[in-house]
Structures are given as structure tokens and as C-alpha cells.
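Contents: one structure, followed by commentary.
Derivation of every value follows stated rules applied to the coordinates shown; laboratory data play no part. Predicted, not measured: the structure shown is a model, and the values here were computed from it. Note that each Cβ is placed from the backbone with ideal geometry, even for glycine, and that neighbours are counted across all protein chains shown.
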């Protein structure tokens, strides 16, 4: 029997393993920098995944997760036969679509505009003002939006009153509430999102712009033919990440702006989980809903990544 080949394979494998450990030891400080992030994800993202088993049990605090009765797909059947589920699922998809259409292109446009500003002081001042809302809690931002849109003391209605327009109850109208929600989302996130795109734009070779100017291209043609194609990979990655949170709309944002008059449009999965799961103590039922939301997010990320790769970009994997 010829044993030369298996022995040689083991030797090659052994060398590869030693080479991997050598490279890891060489880059040990980089791995040490990664360690806190890995610990964070392990503790707060992976360990809690064990709790997903609650979706298949009739969970009770007294019995604990392991001691609770196994009910299989009972909560999923209840979920998919509930009229509330389809209403909140429709609302979540609608608000998510509006949010993506408004908030995704906003930082790209802002980054391109800021990149064209040559006055450093003005540019940095504008950037700082755009970043500030991102660091303010939605408890504060929501209160600011509600006060600004108040029919009695709100600055928006006061300005409209100067033109003879009657006060508008923005937060009581489904249509105006959606506009207020999307507008406040753009206000809060657009400035911070420009950081990634500005970094991508600054890495573009300036010789391309110089060549375009010599060829007679105006500013819009330079943006369309050089800037956007050059940052298309970054745009694709950010779109994939955005789609992963399509059903995971911010609870604080919606909850702070929500009221009984607009529950028909503003009740989404996150707020429903809070009302039914925490206030109603139906933990197993809302865990099933959360598991469904995670599966849909995975499908959206995988599908978007596939589309992005078909369009010629690298994607996430």
C-alpha cells in the first residue's frame, strides 16, 4: 500500500496550521483590538439566541425556559392567523420602504454636495451641525418634532398662519404623520451617514476629474460619470446593510411620535412587540414574531447581496 501521499498531505496540513498560528502571533495586537468587539457580539448577540427557543414553548417565569411546556408551532400558527399581524406587517413594510427611499440617498447627496465645498471652515461647520442630531436621543428629538408641528404653538403652523393657512393637525393625520416620521428620520441620520461616503469620495483619483475637465465635462457630468461609479461599491454595501434592518425600524423613534389617532399606520412590529410582549406578558408569542422578523431580514440581506453581485459589485460575500 502506498502511504506516501497521506503522509505528505499531513505534512502540508501541519505546515499550513503552523503558518496560520505564526501569522496570528505576528498580528496579535490587531486581534487584541478585535477582542472587545468579539466579546460584545458573543455576549449580546450569540448567547441571547438561545432564548429563541421560547417561541416554541409556553414560557412561564416560574418554570423557566427549560421547564416550560413545549408547544411546537402553536405561536406561529396563531401569529399567521391573526389580523393584527398582517396590519402591523403591512405598516412596517410601508414605513420601511418610505424610510429607505428617503434616508438612503440623502447622505449620498449630502456627501457629494459637501465634497464640492472648498471653504474648510464652512465645510466643517456644516458637517458638525449635520452630525449633532445623531447623538441626540429620540426622546428629545421626538419632543422637538411634536412641538414644532403643534397646531397651537408649533413654529410650522405659525409660519403657515402668516399666509392665511388654517392650523394643520400634523400628528393626528395618517398622511402627515408619515411625512413627519420620514422627515425626522432623514434629519437624524443623514448627516452621520455622510461620513462613509465622504471617505469613499476622497479616495477617488483626482486625475480622473482633471481629465474630465479637459474633455469639457461639467460638474454634473463629473458626478454622474466619475463620482457615483467610483463609490458604487460602498453604496452597494450600505444598501445591503440597510435592507437587513428593513423590518427593524427604531422602536424609540416610532413610539415617541405615536398616538392613538394614528395607530392604524404607526403600529409596527417593534411597538407591537412592546405592547403585547412586555405590557401583555405574551413572551412566547412575540418571540415567534421576532424570529419571523429575523428570518425575513436574513432573506432580504441574502437577496440584496445576490442582486448587487449580479450588477457587478462585490457584495458582502
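Odds and ends about this structure:
- Paramagnetic label zone (point 7 Å from Cα along Cα-to-C-beta, residue 206; backbone N under 20 Å) in segment 101-130: 111-124
- Fewest-first sequence of 26, 242 by Cβ atoms within 10 Å of each Cβ: 26, 242
- The base-10 log of I(q)/I(0) for segment 113-218, evaluated at q = 0.19 Å⁻¹, reads -1.00 [Debye formula, identical scatterers on Cα atoms, solvent excluded].
- In this rough spin-label picture, where each label sits 7 Å from Cα along the Cβ direction, the residue 158-residue 136 distance is 1.6 nm.
- Mean residue ellipticity (222 nm) of the chain, computed from DSSP H runs ≥ 4 via -39,500 (n - 2.57), nearest 500: -20500 deg cm²/dmol
- Gain in span if fully extended, residue 261 to residue 179, counting 0.36 nm per residue against the direct Cα distance: 28.0 nm
- Residues 283, 46, 169, 181, sorted so that the one with the fewest Cβ neighbours within 10 Å comes first: 46, 169, 283, 181
- Value in Å of the Kirkwood radius, where segment 175-222 supplies the Cα pairs that are averaged: 13.6 Å
- In segment 185-317, the C-alpha radius of gyration followed by the widest Cα-Cα span (Dmax) gives 20.7, 68 angstrom.
- Highest-first packing order for the peptide set 255-264, 213-222 is 255-264, 213-222, based on the mean count of other beta carbon atoms within 10 Å.
- Using the Cβ-Cβ distance between residue 63 and residue 22 with R0 set to 35 Å, the FRET efficiency works out to roughly 0.10.
- Three-way shape call for segment 42-109 based on the alpha-carbon gyration tensor, with the a/c threshold at 1.5: oblate
- If you wrap the Cα atoms of segment 82-310 in a convex hull and average its projected area over all directions, you get 16.4 nm².
- Alpha-carbon spread of segment 148-187, three principal axes, descending order, Å: 28, 20, 15
- Protection proxy ranking for 294-301, 232-239, using the average of other Cβ atoms within 10 Å per residue and placing the highest first: 232-239, 294-301.
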